[in-house]
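We did not get these values from a lab; they are worked out from the coordinates using the rules stated. None of the values given here were measured: they were computed from a predicted structure. Counting neighbours? That spans all protein chains shown, and the Cβs are built from the backbone with ideal geometry, glycine included.
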Amino acid sequence: MPNQEHDSTESQQDQINDLLSLWQAQPVSEIDLEAVKKSFNEEQRKQRLYMVVDSLAFLPAVYMVVVTWGELSFAMKAMCMLLFILATPMLVYQLWLRRIAAFAKNSDTFDYLQQFTKQIKNNIRIAFITKHSGWPALLFIPGFAYLRYLSGDLSVEKLTQMGIVFAVLSIGIAGWTVWAHKRQKRFEQQLKTLHEMADKRGY
């Protein structure tokens, strides 16, 4: 998913740069609406794809929990329920943020600019969520491990192994946070470009 989002970010920046050059070079009446619509349609397909991927990515975890529920310890069941309670609203919210480009219908350049600007604003929100989605795990995992240890589900040896995994995970989450932060800044720059485009045309 990060690779898809990275490719999408670069593609969106190219789209914005192309549109800005197009709008600066032509009078409003001569803007190539077909090129504008083509760029928007590409963004629309990407957002629809991300909605499908986000939804499908949630299903394997649900399936595994349902199939193995009877074999899970109390601590594992508690963790699964907590994750489900936290993840479901977040999934719904991200799908909601993607809806603008995914389901928008545009008839002219101004409509495109409005919808694209709204979607970039939502992309900034998605990037912000992504940036802060890792660190709660750093708080949750130690608490969960300690709960399992108290309930007798986790030996000292396994607790040590989980400590090593936690250290590696911390490094990975740090990298994830930096990547998401840069992605958020890139979207913010795109939003600034769109506002400048609108100002130049008096919208």
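Whole-Hz Karplus values for region 184-197 come out as 4, 5, 5, 5, 5, 5, 4, 5, 4, 4, 5, 5, 5, 4 Hz, taken residue by residue from phi with 6.51 cos²θ - 1.76 cosθ + 1.60 and θ = phi - 60°; glycine and proline positions read x. Per-residue 3J(HN,Hα) values for region 69-82, derived from phi via the Karplus relation 6.51 cos²θ - 1.76 cosθ + 1.60 with θ = phi - 60°, read 4, x, 8, 7, 6, 4, 5, 5, 4, 4, 5, 4, 5, 5 Hz in sequence order (x marks Gly and Pro).
The length gained by stretching the chain between K105 and E157 to full extension, at 0.36 nm per residue less their Cα-Cα distance, is 12.9 nm.
Straight-line cross-link reach from K77 at under 21 Å between alpha-carbon atoms covers these lysines, not counting any fewer than eight positions away in the same chain: K158. Overall form of region 52-163: prolate. Here a/c, set by the Cα gyration tensor axes a ≥ b ≥ c, is 1.5 or more, and a/b is the larger of a/b and b/c.
Near the amide H of S133, within less than 5 Å, lie no amide hydrogens of residues on another chain or at least 5 residues away, with H placed in the peptide plane. Modelled label positions at K185 and W96, each set 7 Å beyond Cα in the direction of Cβ, lie 3.0 nm from each other.
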